[in-house]
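Beneath this line is the structure, given in structure tokens, with notes to follow.
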Amino acid sequence: MDARFLKPYNPKETEGKIYQLWEESGFFNPDVCIAKGVTKPKADVFSIILPPPNATGVLHLGHALEDSMQDTMIRYNRMQGKRTLWLPGTDHAAIATDSKVTKILEKEGLKKKDIGREKFLERVDEFVANSRKTIVKQLKKVGASLDWSRETFTLDEKRNLAVRTAFKKMYDDGLIYRGNRMVNWDPKGQTVISDDEIVYEERKGKFYTFKYGPFEIGTARPETKFGDKYVVMHPDDKRYSKWKHGEKITVEWINGPIEATIIKDPASEMEFGTGVMTITPWHSHIDFQLAEKYKLEKEQIIDQYGKLLPIAKEFAGMKITDAREKIVEKLKAKGLVISIDENYVNRVATAERSGGIIEPQIMLQWFVDVNKKIPARNDKSLKELMLEPVQEGKIKIIPKHFEKVYFNWVLNLHDWCISRQIWYGHQIPVWYRSTSLTTGKESEIYCGMEAPKGDGWEQDPDTLDTWFSSGMWTFSTLGWPDMNAPDLKNFHPTSVINPGYEILFMWIARMILMSQYLINEIPFKTVYLHGILRDAKGQKFSKSLNNGVDPIEIIEEYGADALRMSMIVGIGPGADSKFDIQKVKAYSKFSNKIWNAARFVLDNTKDFAVPLDPVYDEEDKATDEELKNLLTEITKEMDEYKFYIVAEKLYHYFWHTFADITIERSKKKILENKNVDSAKALLFNQLTTLLKTLHPFMPFITEEIWQTLPIKNKNLLMVEKWPHFAKASRDKPL
RNA sequence: GCGUCUUUAGCUCAGUGGUAGAGCGUUCCGUUCACAUCGGAAAGGCCGUAGGUUCGAUCCCUACAAGACGCACCA
């Protein structure tokens with residue numbers, strides 16, 4: 001009897017040692033599994049690319065949830081004899097990392113602009129290297145059986161090549177264009193962001209009604225109104241039927257009289273306010289559309305720092321928040337203020353990362369055209385390429401209702417703004433040269449893998465949206481653009497991707513786009529979405545609430561197996577869940593239960609040679625059948641990704657059938673010396689079967705016990721075969 | 001405005017076309033040997049509301065209510 005079994009199960013003593021054992025075996029790497037004969041060279045393939053954690057810091061509990069789920073899938077399929085690859089990596093997370101390091105520098109009293117691009121990037125690299133080390137350590141603690149020999153990074157050399165290759169191809173195909181369009185400018189982060197990086201916040205503000213000539217107009221943003229020389233009303237609005245479209249009137253406005261033009265368009269809702277509005281095409285999406293429609297003039301009012309331009313005359317140079325009240329005061333003095341509603345609730349667009357209030361602006365940026373027909377893809381657009389595989393069922397989203405959500409999003413998709421005015425990221429592979437030294441205007445443009453030959457070329461200083469590179473993640477990690485890379489051939493399309501539903505659009509959709517377009521293949525067959533993990537009160541984990549829980553601390557106290565079970569049992573796909581330490585405690589008790597049951601079985605079967613084909617008495621036979629039936633059931637459920645049910649069933653069977661009934665019954669038999677062989681064989685066989693089936697969920701303790709079992713020529717449990725009783729393929733006990 | 005999800009025991013959640021389950025919690029009883037990180041037992045739910053389909057609905061359909069979320073708009 002191993003002395004360790006005389007004490008309660010101690011995960012701390014076990015986990016590090018066991019992980020090392022796994023790592024040294026090399027079995028995380030499917031090639032090693034084949035080389036060592038535990039996997040057949042032509043076995044089916046199962047592959048998952050780890051959603052790369054942002055290289056901005058440490059992993060939180062949500063990651064632990066994701067890692068537990070994926071490791072469970074991976075271990076199950078590895079035990080099914082498949083060529084199984086789980087590939088790790090980290091994401092450079094452009095804006096997130098850039099702003100994080102910027103903040104760190106600020107604390108040191110350093111400004112980004114002062115130290116320059118090169119020095120800044122050095123600092124970021126240093127920071128990221130540390131974060132990545134921490135992340136790897138954490139993933140190992142959870143027991144993640146990731147193939148570390150294939151570890152990648154979205155910003156490393158190979159991925160950089162992939163990104164440039166993709167950009168050039170899209171550029172050459174006319175899918176990437178540069179244009180002056182309405183974009184979301186973040187004055188705080190000093191960069192453009194995509195629609196998906198906006199977070200709307202409800203804020204109480206003021207809503208002003210001003211006198212504008214013969215009309216009354218409403219606005220929440222008086223500071224944008226300087227250039228408003230178009231007044232819009234609904235064509236059917238009888239109140240204004242005397243005014244004609246295109247009619248010009250002179251009105252007294254902020255800085256004196258201006259000539260205003262009447263525009264009749266249904267964009268102005270009759271029910272809203274007075275039914276009349278003025279427009280600011282440079283700083284509003286809808287106004288921009290109207291301006292395009294009627295070929296109206298557009299004037300910039302606010303600069304990129306959120307300050308008013310000379311058009312504001314006496315207010316020029318003022319920040320918008322300061323200017324707002326002063327402008328209202330001036331209008332008041334001129335008798336143009338009709339009313340002010342103090343309780344107006346507005347949804348303010350803010351930048352996800354910096355928190356800055358988005359100022360829509362017309363700017364020259366790079367975009368991906370999602371509607372252009374692509375000859376090489378049967379004239380389908382990127383939008384269609386995104387819809388098709390999901391519609392046709394080639395990609396299955398679990399839970400299914402997210403497919404609807406996905407379609408909805410794709411159908412409403414606008415061109416994707418991919419340029420960012422930050423330094424950290426993939427620099428846009430485009431170079432400009434001005435032929436005329438006097439104007440300094442870019443008149444030559446070159447897109448390529450490397451800088452063009454000749455003098456005077458300057459690379460576009462902008463970097464790409466982080467999702468541009470992560471969109472290529474399933475194949476850039478496997479060797480693309482080398483279409484003959486063995487990993488790409490073997491492991492793509494990947495089997496499953498397992499992110500939270502909140503990045504269905506940002507990431508999943510972009511991966512389908514990139515994969516469909518660049519390699520004409522789906523990126524994954526199944527999207528298994530998980531929900532958001534919240535605290536016990538149902539609040540999101542966040543820094544401001546200071547309700548964070550460190551998964552490593554939980555593991556230190558209760559063990560990785562207990563944490564993993566608590567993250568799996570009863571948490572269905574796409575469902576949010578509350579983290580409760582009680583649940584972890586319950587499964588750490590379960591760990592101990594397994595431990596002690598193993599001790600009992602080992603103790604009572606130590607001098608017993610388990611026959612290959614044991615003869616069971618009647619009740620043991622029934623018990624044996626019961627477990628076989630359970631196995632058939634859970635194997636099916638595992639293949640259907642219902643591991644949240646399987647884990648619970650195994651828990652229940654182990655505790656309330658194996659421990660409470662089978663073990664108790666065996667005690668009686670051994671004591672009375674009746675059918676002892678049957679009892680002992682059953683104990684041993686059921687324990688081994690249960691260890692195998694529990695292994696994907698609780699890898700450490702099951703492996704630890706497995707290591708002490710008296711079985712000849714046994715391998716690591718992680719590469720043992722998942723039991724299939726239907727085929728009557730039994731182990732070879734002593 | 002368009003759309004999605006949730007509503008089951010005190011709490012957190014599974015689940016099934018034939019009048020319900022788990023974990024934790026509560027109460028009681030027990031336990032010298034695999035395990036006090038234990039065993040046995042009990043209490044506790046007209047499965048959000050109202051209709052419909054059905055021999056029969058918690059499960060399917062419709063409406064409603066409450067809560068959460070997504071998208072668009074917000075002059």
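Couple of notes before you dig in:
- Complete set of residues in region A:584-598 that are more than 6 Å from RNA strand B (Cβ to nearest atom) and open to solvent by 50 Å² or more (accessible area, probe 1.4 Å): A:Lys585
- If you go through region A:204-239 and pick out every residue that is open to solvent by 30 Å² or more (accessible area, probe 1.4 Å), without any contact (Cβ under 8 Å) to a residue 60 or more places away in the chain and in contact with a strand residue (DSSP E or B) (Cβ under 6 Å, 6 or more places away or on another chain), you end up with 1.
The rows are residues; the columns are (1) assigned to a loop (DSSP other than H, G, I, E, B); (2) over 30 Å from A:Gln421 (Cα atoms); (3) among the aromatic types (Phe, Trp, Tyr).
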site: A:Val232; (1), (2), (3): no, yes, no
site: A:Lys242; (1), (2), (3): yes, yes, no
site: A:Glu252; (1), (2), (3): no, yes, no
site: A:Ile262; (1), (2), (3): no, yes, no
site: A:Met270; (1), (2), (3): yes, yes, no
site: A:Ile286; (1), (2), (3): no, no, no
site: A:Gln289; (1), (2), (3): no, no, no
site: A:Lys293; (1), (2), (3): no, no, no
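- Taken as a whole, region A:309-321 holds no residue that is within 13 Å of RNA strand B (Cβ to nearest atom) and surrounded by 14 or more Cβ atoms within 10 Å (Cβ to Cβ).
- Residue ID - least open to solvent (accessible area, probe 1.4 Å), chosen from residues in region A:278-293 that are within 9 Å of RNA strand B (Cβ to nearest atom) and touching a residue at least 60 places away in the same chain (Cβ under 8 Å): A:Thr278
- Qualifying positions in region A:342-379 - surrounded by 14 or more Cβ atoms within 10 Å (Cβ to Cβ) and either touching a His at 6+ places or on another chain (Cβ under 6 Å) or of a type in the set (Asp, Glu) (or both): A:Glu352, A:Glu359, A:Pro360, A:Asp369
Yes/no per residue for (1) away from RNA strand B (no atom under 15 Å from the Cβ); (2) at pLDDT below 90:
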| site | (1), (2) |
| --- | --- |
| A:Ser515 | yes, no |
| A:Glu521 | yes, no |
| A:Thr526 | yes, no |
| A:Leu545 | no, yes |
| A:Gly572 | no, yes |
| A:Val615 | yes, yes |
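- Among the residues of region A:603-613, the ones that are in a helix (DSSP H, G or I) and open to solvent by less than 20 Å² (accessible area, probe 1.4 Å) come to 1 in all.
- Top-ranked residue of region A:268-277 - restricted to ones that are at pLDDT below 90 and closer than 17 Å to A:Lys244 by Cβ, ranked as farthest from RNA strand B (Cβ to nearest atom): A:Gly275
- Among the residues of region A:335-359, those that are modelled with pLDDT of 85 or more, within 13 Å of RNA strand B (Cβ to nearest atom), in a strand (DSSP E or B) and within 23 Å of A:Phe288 (Cβ to Cβ) comprise A:Val348, A:Ala349, A:Thr350, A:Ile357, A:Glu359.
Yes/no per residue for (1) farther than 19 Å from A:Lys298 by Cβ; (2) more than 15 Å from RNA strand B (Cβ to nearest atom); (3) more than 49 Å from the chain's Cα centre (by Cα):
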residue: A:His234; (1), (2), (3): yes, no, no
residue: A:Trp253; (1), (2), (3): no, no, no
residue: A:Ile258; (1), (2), (3): no, yes, yes
residue: A:Ile262; (1), (2), (3): no, no, no
residue: A:Pro266; (1), (2), (3): yes, no, no
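The values are calculated or read from the model by the stated rules, or taken from the named source; none is laboratory data. Treat the numbers as computed from the prediction; the structure is a model and nothing was measured. Virtual Cβ from ideal backbone geometry, glycine too; neighbours counted across all protein chains shown. Accessible surface areas use protein heavy atoms only, side chains included; no ligands, DNA or RNA. Shrake-Rupley method; radii C 1.70, N 1.55, O 1.52, S 1.80 Å.
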